[in-house]
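No lab work stands behind these numbers, since they all come straight from the coordinates. Note that the coordinates shown come from a computational prediction; the quantities given were computed from them, not determined experimentally. Heads up, the Cβs are rebuilt from the backbone with ideal geometry, glycines too, and the neighbour counts pull from every protein chain shown.
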Amino acid sequence: MARAASPRRRLLTTLAAWFVALLIFFPVLWMILTSFKTEASAVASPPELLGASWTLENYVEVWSRSDYPRFFWNSVVISVGSTLLGLAIAIPSAWAMAFVPGKRTKDLLMWMLSTKMMPAVAVMIPIYLLFQQLGLFDTKIGLILALMLMNLPIIIWMLYTYFKEIPGEILEAARMDGAGMWSEIAYVLTPMALPGIASTMLLNIILAWNEAFWTIVLTTTKAAPLSAFIASFSAPQGLFYAKLSAASAMAIMPILILGWFSQKQLVRGLTFGAVK
Amino acid sequence: MSTQSTRLAARFMVAPSVIVLFIWMIVPLAMTAYFSFRLYRLLSPDRSGWVGFNNYVWFFNSPDFWLALTNTLLLVGGVLIITVILGVLIALLLDQPVKGQGVLRILVIAPFFVMPPVAASIWENLFMHPQNGLFAAIARGFGAQPILFLESYPMPSVIAIVAWEWLPFATLILLTAMQSLSSEQLEAAEMDGASALSRFRYIILPHLTRAITVVILIQTIFLLGIFGEIYTTTQGGPGSASTTLPYMIFKQAIVAKDIGRAAAGGIIAVILANIVAYFLMRSIGKHLDA
Amino acid sequence: MGQITLKSVRKSFGEVDVIPSIDLAIDDGEFVVFVGPSGCGKSTLLRLIAGLEDTTSGTIEIDGKDATALPPAKRGLAMVFQSYALYPHMTVKKNIGFPLKMAGMDPAEAEKRIQRAASVLNLTNYLERKPGQLSGGQRQRVAIGRAIVREPAAFLFDEPLSNLDAALRVGMRQEISELHQSLKTTMIYVTHDQVEAMTMADKIVVLNAGRIEQVGSPLTLYHTPKNIFVAGFIGSPRMNLIEGPEAAKHNAHTIGIRPEHITVGDGPWEGVVGLSEHLGSDSFIKVDVPGLGIINVRGAGELNVHHGDRIKLAPAGKIHRFDANGMAMA
């Protein structure tokens, strides 16, 4: 906007924008505040803010409960593991579809996306049974596989749209310059695609970390990540509000930080390049 | 870029993802289809056999099914309407020259990164709880009775929670799309005598069509499978008041332990999803020409 | 060495024959230009020679050896692309050195070659920059530098100047010509611009719909076009092609007269001036002559005629005669 808005209008829109943004953010903020209160202060009525008694005790207690670090660690292993495995399978596929497109490439991409449309509940029982049979139930490797497969179409699509932006002539130039397929990938493709691969990775870690269907269905306690753990934190009846908040805050913090770093890439990533 | 050898190499590179996705989709789907025609109850494993369409008939005759179907459509439709309309309005606001754009974006996007069980649990416990929730405290402050959100208005409450989670996504995409609109176009419209309202109606809104289509497609993909929020808050209740199709199938399998019926529900869900997908794919196919 | 021979080369995409069958011999050290309208198959032909596309049938020989099945890198050719195709994440130096690194050349020797190429192309001060920080002309030079360090058997240029503005294009045209003078390496150059073809080529290959219409030196094509297509394509402004009774007078189906071979003043043709462009050195006018159509006239120096004037024209030079098939008649 080249036009200078009047200072008064500018002030009003700024105030309105901040009000709306804080309103949207407020539940997260309130949860973080609650996580630093004592249990009594957390459920006080009327709600305490300035007069609340603040403490770090909740975090210490949640973390030292023997299980919490394990859930946390499971979340890390499962989300990072499924993303890396997914990338390993998706990078060659997306590369091939972007640079050696055939008549069926577009149909294939659409089919992959359509697998995401299939309701997970429809295949829940067979997968549950198969996982039991194969010894994958309630194991980290089982969840890594499930979440990788669940997000694979998105990973391929995102990579595809990033790869598509690399001009084909550059790869041809590399081949004229004597690069074989592997040096082409190592010296030309990968460096140019690295930003795209990185944001695909970040987004899929976020999606996998926040996944709350397969993690609930396919685990009991051993391999359960944070999403399954919090979901089963049943009806605290006001007794553990502060601790619940602390556990929740720790569960979302890594992703909140990752997400803030990748928010620029988020839009084009999740819209498969349709919105930039 | 298309010599024989590269084509062959390309086939090999595409193959693994096609194969694993095919297995991940087809094998369980075939099993579900098989179970859906069988009597298969985990609580009475000795009784089994073919039952034809009985499991499907049970579903269609169950009042819960029609409720669940309505609830699913309500959830998807409600969240889409709320997020798109509010998303456009908030994006318009943030597109103005306001101070602290960067921080504002960070605040607005935050709910999207909150995992569904945490989002559900914040709202259930810290806000909607009839004794200790913030809403109850506010109601008491005004001398009113606290509203029993999850008991009296389970579906609207769930829709509100899910809309809160997805509003940032819609806002961010619409804002990005808005920022790609050239200011010259708006200035030209202003020179042509268009008021702020008609500039929005004839310039901004058409420019956003593609972004709105994308928001609808992607949200629908995720909203059709909403599970964690209901599991954490209402467990589909009270009664079946907030049971969606995915949750009803989950209950059949896990609570009633009737695999046959759950499988029939799964197949119905697949058919419904395919109908939705068909229309969405057609529109996105037009919009996503890479 | 850089002798390239195409024998019955055919290329089809599915059902469509883009190039039905082409035979062509390119001698060592020649500057050959493929020219033709867009979609004529000139770029495809270049890519077939480069090895970026497979031939459907026929053979391509480089220096007498069959190269039809060789991958691009093994053909000993270097290519300059229309978009330059520089590696955006590498510095100029790394871009130029990339083919040498791929060939596994000793770094000291590679460094020497890079420095030599950079000094030839005036890039010495830009070696540490990335392509994004260079102007269009500089990027073009880097692309050429990347081609020359390999000391290839032949250079392939795919419309290399089409992304530059008019002034730079003339400059780069001269630089490429000078490069050819000093390197004396075979160059194959694709363009749709007949001025580039005329000014740079030793030999022009005019292509149309995947077929070679004529091969020859620029002046051969100008003076003795084999058919109407070449006659109309080479030369600017276009040759006037006249059919009907006027052509019949010369026992031809069509006659062609170049705009510079028409004089203004007295003559058998009379018409009204439409567009007139006065450049000082030349004047270009379009005259609507009843029965003949619009006639292009080019006069040296200033012609004192303007829009709406009624003037007389006379043919004053070679009249090209073509038969009903469009072929030139002796």
Over all residues in B:246-255, what is the mean tally of Cβ atoms on other chains that come within 10 Å of each residue's Cβ? 3
The FRET efficiency for residue B:23 and residue C:101, from their Cβ-Cβ distance with R0 = 45 Å and rounded to 0.05, is 0.60
Using the alpha-carbon centroid of each, what span in Å lies between segment C:49-71 and segment C:141-216? 21
Compute the orientation-averaged projected area for the protein assembly as shown from the convex hull of its Cα atoms and round it to one decimal in nm². 50.5
Once label points are set 7 Å from the Cα along Cα→Cβ at both residue B:53 and residue A:80, what is their separation, rounded to one decimal in nm? 5.3
Cross-link table C:112/C:203; C:11/C:94; A:103/C:130; C:42/C:203; C:11/C:184; C:203/C:286, entries beyond 26 Å C-alpha to C-alpha: C:112/C:203; C:11/C:94; A:103/C:130; C:11/C:184; C:203/C:286
If you count the DSSP beta bridges with both ends in chain C, what percent of them are antiparallel, to the nearest 5? 75
Let me know the shape class of segment A:66-232, please: from the alpha-carbon gyration tensor, a ≥ b ≥ c as square roots of the eigenvalues, rounded when a/c is under 1.5, otherwise prolate if a/b is greater than b/c, or oblate. prolate
Over chain C, what relative contact order in percent results from Cα pairs under 8 Å that are six or more residues apart? 17
Using alpha carbon centers only, segment A:155-193 is separated from segment A:88-137 by a whole-angstrom value of 24
Would you mind ranking A:227, B:157, A:41 so that the residue whose beta carbon has the fewest other beta carbons within 10 Å leads the list? A:41, B:157, A:227
Work out the mean other chain Cβ neighbour count within 10 Å for the residues of A:86-98 and drop it here as an integer. 4
Which residues does a label at residue B:190 reach in segment B:88-109, if reach means a backbone N under 13 Å from a point 7 Å past the Cα toward the Cβ? B:96-97
List the GluC sites (Glu not before Pro) within segment C:107-202 that fall in a DSSP loop (any state other than H, G, I, E or B) and whose Cβ has at most 16 other Cβ atoms within 10 Å. C:128
In terms of the Cα gyration tensor, with a ≥ b ≥ c the square roots of its eigenvalues, is segment B:1-105 rounded because a/c is under 1.5, prolate because a/b exceeds b/c, or oblate? oblate
Separation in nanometres of the label points that stand 7 Å from Cα toward Cβ, at residue A:70 and residue A:11: 5.9
Answer rounded, prolate or oblate for segment B:17-287, using the Cα gyration tensor with square roots of eigenvalues a ≥ b ≥ c: rounded when a/c is under 1.5, else prolate when a/b is larger than b/c, else oblate. oblate
Compute the angle between helix A:7-35 and the longest alpha-carbon principal axis of chain A, please, reported from 0 to 90 degrees and rounded to the nearest 10. 70
Enter the mean number of other protein chain beta carbons within 10 Å of the beta carbon of each residue in A:20-33, as an integer. 6
Let me have the relative contact order for chain B, percent, based on Cα pairs under 8 Å that are six or more residues apart. 28
For segment C:4-230, taking Cα atoms only, what is the radius of gyration to one decimal and the Dmax to the nearest whole Å? 17.6, 55
How much of the pair distance distribution for segment B:54-185 lies past 24 Å, counting alpha-carbon pairs only, in percent? 49
Enter the Cα centre distance for the pair segment B:26-64 and segment C:250-298, rounded to the nearest angstrom. 88
For segment A:7-57, the Rg and Dmax computed from alpha carbons only, in angstrom: 15.3, 46
When C:318, A:106, A:243 are ranked with the fewest other C-beta atoms within 10 Å first, the list becomes C:318, A:106, A:243
Quick check on the exposure proxy: order B:230, A:32, B:268 from fewest to most C-beta atoms within 10 angstrom. A:32, B:268, B:230
I'd like the antiparallel share, as a percent to the nearest 5, of DSSP beta bridges with both residues in the protein assembly as shown. 75
Could you pull out every one of the aspartates and glutamates with an alpha carbon less than 15 Å from that of residue C:249, ignoring same-chain neighbours closer than 8 positions? C:323
